[in-house]
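First the structure, in the form of structure tokens, and then the observations on it.
Where a number appears in this text, it was derived from the coordinates with a stated rule and is not lab data. Predicted, not measured: the structure shown is a model, and the values here were computed from it. Here the Cβ positions follow ideal geometry from the backbone for every residue, glycine too, while neighbour counts run over all protein chains shown.
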Amino acid sequence: MAHERRGGWDRFVDGLNRLPRPAMAFGTIGLIGAAMADPVWFMARMEGLALVPEPLWWLMGAIVSFYFGARMQAHGQSFERDMAEALVRMRALRPAAPPAPGPEPIAAPLPRSLPQPSGTGDVNAALEDWRRTQA
């Protein structure tokens, strides 16, 4: 698989993009450790978090969701592009095979006329016009 050459800045930004998920995971583990090591310190921090207004939590949730959603979308599109390129290469290497012989499909004949109305008094004008043109 051929990859384009990337500069130092691109590699640096890619490295930064890989930090948030591990940082959140290790941060959560660290909070659990801090709660066990110094419950009073941990309680003071959690009281501070409880004072954060709810709209700010919603905004932070939206930003985090868009960040991870955009990364997931980009990775998904990259995967699909790689798969499409692999399929094109695979088809170029393999000669085209003739279609496998098989039975011919059997088509049922269409009726030339439709059943007559049952005599309930319901008349379909379009159906009657069609019957007249078929007669």
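Size estimate for the range 53-95 follows the Kirkwood approach: the inverse of mean 1/r over distinct Cα pairs works out to 12.9 Å. Averaged over residues, the count of other Cβ atoms within 10 Å places the peptides 30-37, 51-58 in the sequence 30-37, 51-58, highest first. The convex hull defined by the C-alpha atoms of the range 7-51 has an orientation-averaged projected area of 4.2 nm².
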